[in-house]
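Read through the structure below, which is laid out as structure tokens, and then see the notes.
The values are calculated or read from the model by the stated rules, or taken from the named source; none is laboratory data. Model, not experiment: these values are computed from the prediction. Every residue, glycine among them, receives a Cβ derived from its backbone with ideal geometry; neighbour counts consider all protein chains shown.
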């Protein structure tokens, strides 16, 4: 029973730290989403996105997933996929990238709070995501005549 109180206090302190990280990040993201920041950032990273098989249409979902995580980004990904008609290949590549390095900003801040090396985490996660997604984009060439998701008309 003596160990329960310090553990509970430690959990409450960590929870408070997490709230102080996550709430401002979500708020900042929601503000930036309506400003031209992501559009400009999309222009800057478009050549790199092409290198891993993604088009400009994937920029907003990709930024959402990188900034806040794949769970929050999933709603954005679904909406953009429906609106822009993203092909299955691009959805898969975006999913692979985000599964490998989702929530980079949020996770790194959380790991720093608990004593992790933020730079090492960033380099490994982004490097692995770019490597895996780029490799898959080269192995899975876009179909020129097949419609998305293999639908036969």
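Of the residues making up the range 101-119, just one is without any contact (Cβ under 8 Å) to a residue 24 or more places away in the chain, assigned to a loop (DSSP other than H, G, I, E, B) and either touching a strand residue (DSSP E or B) at 6+ places or on another chain (Cβ under 9 Å) or surrounded by 14 or more Cβ atoms within 10 Å (Cβ to Cβ) (or both), namely 116. Of all the numbered requirements in (1) assigned to a helix (DSSP H, G or I); (2) farther than 21 Å from residue 32 by Cβ, residue 86 misses one, and that requirement is (1). Residue 42 meets the conditions (1) touching a helix residue (DSSP H, G or I) at 6+ places or on another chain (Cβ under 6 Å); (2) touching a residue at least 60 places away in the same chain (Cβ under 8 Å) in every case but one. The failed one is (2). Restricting 98, 122 to those that are surrounded by 14 or more Cβ atoms within 10 Å (Cβ to Cβ), in a helix (DSSP H, G or I), in contact (Cβ under 8 Å) with a residue 24 or more places away in the chain and touching a helix residue (DSSP H, G or I) at 6+ places or on another chain (Cβ under 7 Å) reduces the list to 98.
Residue 71 meets all of the listed conditions (1) modelled with pLDDT of 85 or more; (2) in a helix (DSSP H, G or I) but one, namely (1). Applying the condition of being surrounded by 13 or more Cβ atoms within 10 Å (Cβ to Cβ), out of contact with any helix residue (DSSP H, G or I) (no Cβ under 7 Å at 6 or more places or on another chain) and without any contact (Cβ under 8 Å) to a residue 40 or more places away in the chain to the range 1-36 and asking which residue is farthest from residue 137 (Cα to Cα) yields 28. Of the residues making up the range 58-72, one or more are under 12 Å from the mean Cα position of the chain (by Cα), surrounded by fewer than 15 Cβ atoms within 10 Å (Cβ to Cβ) and over 24 Å from residue 139 (Cα atoms). Just one of the numbered conditions (1) more than 22 Å from residue 25 (Cβ to Cβ); (2) free of Cβ contacts under 8 Å to residues at least 40 places away in the same chain; (3) not in a helix (DSSP H, G or I) is not true of residue 53: (2).
Looking only at the range 31-47, residues that are modelled with pLDDT of 80 or more and within 15 Å of the chain's Cα centre (by Cα) come to 1 in all.
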